[in-house]
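The values are calculated or read from the model by the stated rules, or taken from the named source; none is laboratory data. Quick caveat, the model's predicted, so the values are computed rather than measured. Note that we place each Cβ from the backbone using ideal geometry, even for glycine, and neighbour counts take in every protein chain shown.
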Amino acid sequence: MPKFIFVTGGVVSSLGKGIATSSIGLLIKRHGYPVKPLKLDPYLNVDPGTMNPFQHGEVFVTDDGAETDLDLGHYERFLNQNLSRKNNATAGQIYESLIKKEREGYFLGKTVQVVPHLTDEIKLRINELVEHEKDVIIVEIGGTVGDIESLPFLEAIRQMRLEYGEGNTLFIHVTLVPYIKSIGELKTKPTQHSVMKLREIGIQPDLIICRSEKKIGTEIREKISLFTNVPRERVVEMRDLPTIYQAPLILHREKVDLNILKKLNLSPSPEVDLSDWDSFVNTLLKLREKVKIGIVGKYVDVKDSYKSISEAFVHASVSNNVKVDLKYIDSEKLEEIQDITEEFADVDGILVPGGFGYRGIEGKIRAIKFARENRIPFFGICLGMQLASIEFARNVLGLKGANSTEFVPDTEHPVITILPEKRNLKRLGGTLRKGAYPAILKPGTLTFEIYGHVREISERHRHRYEFNPVYREMFEKNGMIVAGESPDGYLVEIIELKSHPFFIGVQFHPEFKSRPMNPHPIFHHFVKAAKNRRYGK
Ligand code: GLN
């Protein structure tokens with residue numbers, strides 16, 4: 001029989017439930033069980049793709065082109081496993097499919113209700129993940145216990161305990177144990193209340209993960225155990241850590257994996273090996289030399305907007321044995337100041353990430369010009385690549401006013417545009433190129449070197465506009481190399497500058513494929529170039 005682990009959160013949001021879920025998934029996987037994660041988001045948007053990064057952080061993209069919650073990024077990075085649209089569902093999607101069924105007459109005139117119809121639909125999404133009888137499905141419920149909108153989800157997992165039984169289902173509750181400075185004490189009351197709330201709906205947690213800034217001693221654990229009815233050995237501490245990558249190691253030390261397996265009647269593997277994580281974390285915590293990368297973007301106040309990028313830099317830090325400090329630079333600010341030299345005085349590399357809309361664009365173009373002219377390692381991602389093309393068109397090719405039709409629809413030089421065959425599709429929507437696409441690399445280029453001389457790569461996309469092939473020849477004649485293109489040679493996927501130590505722009509999002517033990521090659525080499533610039537070869 002498959003096993004189900006349900007992770008809920010209490011007291012406050014942003015507790016690191018996603019990290020806890022990912023870490024537990026990793027541990028179970030290392031014991032030899034296939035792990036399938038699922039994030040259930042209680043909001044009504046049909047997908048996170050249209051949600052504002054200011055509110056919701058990064059939109060993560062899977063190979064099959066699903067736009068998902070950023071927790072899927074953590075799952076992929078920890079589990080080292082590619083996920084798909086099956087691994088994330090929002091209440092909006094679930095309601096949508098339920099209402100569609102109702103419209104199609106599926107319910108034959110019956111009253112359609114939250115219980116059992118919506119809860120059945122939720123269980124269907126969970127059960128869809130089961131492929132193998134050995135599967136362990138880990139379901140993370142977004143939001144906090146007590147939210148009105150999470151109720152149908154909690155009710156659905158309560159029913160699953162009834163259907164599958166105790167030995168096949170497990171409830172984990174992640175909660176906050178706050179430290180009150182003035183009296184120097186950790187407080188268990190919020191946890192007690194949050195568990196009470198869960199029990200009111202009929203869920204008794206089997207394991208509690210206590211998030212706190214301080215060490216949780218025996219006394220506190222015993223108190224939580226007493227009030228929540230969870231055995232003492234299953235009240236675990238997950239303290240604030242210098243890096244999220246420590247979490248699986250800490251939980252392993254707390255024997256969380258053994259306790260979970262025991263509860264689920266699964267046998268632990270005697271030789272579970274975490275030495276790769278151990279050494280990754282050890283290296284990471286001991287890095288001494290530093291480089292600074294400037295990220296020029298619009299969403300810089302919300303660090304979660306660039307989550308996969310910042311994680312990719314953590315991976316590349318370890319692989320280069322240098323600590324990458326990120327300096328987030330507001331692109332709009334760059335539009336206002338006269339001389340931007342000072343802004344970049346301490347950076348060893350400049351990255352322009354993806355984005356939508358005209359705000360802050362000219363500031364990013366200034367940053368790119370600065371990187372190009374001053375031979376500072378430059379890495380442009382998606383919009384960053386498009387802007388590098390615009391900058392080159394304007395300042396090297398002399399095409400005045402060159403732009404993307406996203407910003408100036410009737411620009412004289414539409415270097416970036418919606419390609420003709422997609423233009424009439426515009427009103428139908430669906431013009432976004434999403435998910436994995438192949439690209440063919442050009443031998444002899446820096447990119448070809450970086451990818452280890454492979455001819456064909458696959459990377460994930462999420463954009464509407466493309467490099468306009470009309471301008472390609474002009475670019476190539478003047479020092480911009482097309483280092484990667486679509487297999488039919490039509491789409492420009494990677495550009496690089498001939499006479500520059502490191503200047504690469506990619507139409508895709510490499511950050512989605514970087515993993516701790518397997519950093520993305522472009523991130524690795526970008527950091528290497530930055531390190532060379534600071535410390536010399
Ligand atoms: N706004 C650009 C486009 O739609 C770039 C998108 C992105 O950076 N993800 O093509």
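Values computed for the structure shown
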quantity	calculated
Residue pairs meeting the criteria (Cβ under 7 Å; at least 6 apart or on separate chains; first of a type in the set (Ser, Thr, Tyr) and at pLDDT 95 or above, in the range 382-406; second surrounded by 23 or more Cβ atoms within 10 Å (Cβ to Cβ) and part of a helix (DSSP H, G or I))	SER404/GLN386; SER404/ILE390
Among the candidates LYS426, LYS442, residue that is farther than 26 Å from LYS290 by Cβ, surrounded by fewer than 22 Cβ atoms within 10 Å (Cβ to Cβ), modelled with pLDDT under 95 and among the basic types (Lys, Arg)	LYS426
Residues of the range 476-503 satisfying the condition of being away from the ligand (no atom under 16 Å from the Cβ), crowded, with 21+ Cβ neighbours inside 10 Å and in contact (Cβ under 8 Å) with a residue 60 or more places away in the chain	MET480, LEU497, PHE502, PHE503
Identity of the residue in the range 404-418, of a type outside the set (Ser, Thr, Tyr) and in contact with a Phe, Trp or Tyr (Cβ under 7 Å, 6 or more places away or on another chain), that ends up farthest from ARG394 (Cα to Cα)	ILE418
Identity of the residue in the range 385-408, within 12 Å of the ligand (Cβ to nearest atom) and of a type in the set (Val, Ile, Thr), that ends up surrounded by the most Cβ atoms within 10 Å (Cβ to Cβ)	ILE390
Residue list for the range 445-470, filter: within 22 Å of ALA402 (Cα to Cα) and either within 16 Å of the ligand (Cβ to nearest atom) or part of a strand (DSSP E or B) (or both)	HIS463, ARG464, TYR465, GLU466, PHE467, ASN468, PRO469
Residues (away from the ligand (no atom under 12 Å from the Cβ) and either assigned to a loop (DSSP other than H, G, I, E, B) or among the basic types (Lys, Arg) (or both)) located in the range 336-359	ILE337, GLN338, ASP339, ILE340, ALA345, ASP346, VAL347, ASP348
Looking only at the range 203-218, and only at residues there that are at pLDDT 95 or above and in a loop (DSSP other than H, G, I, E, B), the one that is surrounded by the fewest Cβ atoms within 10 Å (Cβ to Cβ)	GLN204
Residues located in the range 408-423, provided they are under 12 Å from TYR465 (Cβ atoms), in contact with a Lys or Arg (Cβ under 9 Å, 6 or more places away or on another chain) and at pLDDT 85 or above	VAL415, THR417, ILE418
Output for the range 98-116, where each listed residue is under 23 Å from TYR164 (Cβ atoms) and either surrounded by fewer than 18 Cβ atoms within 10 Å (Cβ to Cβ) or among the β-branched types (Val, Ile, Thr) (or both)	GLN113, VAL114, VAL115, PRO116
The range 351-371 residues that are over 19 Å from ILE309 (Cβ atoms) and of a type in the set (Phe, Trp, Tyr), paired with ones that are away from the ligand (no atom under 14 Å from the Cβ) and not in a loop (DSSP other than H, G, I, E, B) (beta carbon under 7 Å, 6 or more apart)	PHE370/PHE344
Selection within the range 429-438 - away from the ligand (no atom under 16 Å from the Cβ) and either at pLDDT below 95 or small (Gly, Ala, Ser) (or both)	none
Candidates LEU287, LEU266, filtered to the one that is farther than 24 Å from GLU362 by Cα and buried (at least 17 other Cβ atoms within 10 Å of the Cβ)	LEU266
ASN80 in contact with a Leu (Cβ under 7 Å, 6 or more places away or on another chain) and either farther than 22 Å from ILE137 by Cα or polar (S, T, N, Q) (or both)	no
Count - residues of the range 54-101 that are of a type in the set (A, V, I, L, M, F, W, C), free of Cβ contacts under 8 Å to residues at least 60 places away in the same chain and not in a loop (DSSP other than H, G, I, E, B)	6
Residue within the range 184-194 that is over 23 Å from SER22 (Cβ atoms), surrounded by 20 or more Cβ atoms within 10 Å (Cβ to Cβ) and among the β-branched types (Val, Ile, Thr) present	yes
Residue among PHE467, PHE523, PHE512, PHE508 that alone is farther than 30 Å from LEU26 by Cα and surrounded by 17 or more Cβ atoms within 10 Å (Cβ to Cβ)	PHE467
Lone qualifier among SER317, SER310, SER331, SER305 - being small (Gly, Ala, Ser) and either over 30 Å from SER404 (Cβ atoms) or more than 27 Å from the chain's Cα centre (by Cα) (or both)	SER317
Residue ID - farthest from the ligand (Cβ to nearest atom), chosen from residues in the range 360-384 that are within 24 Å of the chain's Cα centre (by Cα) and closer than 22 Å to VAL324 by Cα	PHE378
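The rows are residues; the columns are (1) surrounded by fewer than 22 Cβ atoms within 10 Å (Cβ to Cβ); (2) touching an Asp or Glu at 6+ places or on another chain (Cβ under 7 Å); (3) under 17 Å from SER308 (Cβ atoms).
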{"site": "LEU15", "(1), (2), (3)": "yes, no, no"}
{"site": "GLY18", "(1), (2), (3)": "no, yes, yes"}
{"site": "LYS39", "(1), (2), (3)": "no, yes, yes"}
{"site": "ASP47", "(1), (2), (3)": "yes, yes, no"}
{"site": "VAL61", "(1), (2), (3)": "no, yes, yes"}
{"site": "ASN80", "(1), (2), (3)": "yes, no, yes"}
{"site": "LYS86", "(1), (2), (3)": "yes, yes, no"}
{"site": "THR90", "(1), (2), (3)": "no, yes, no"}
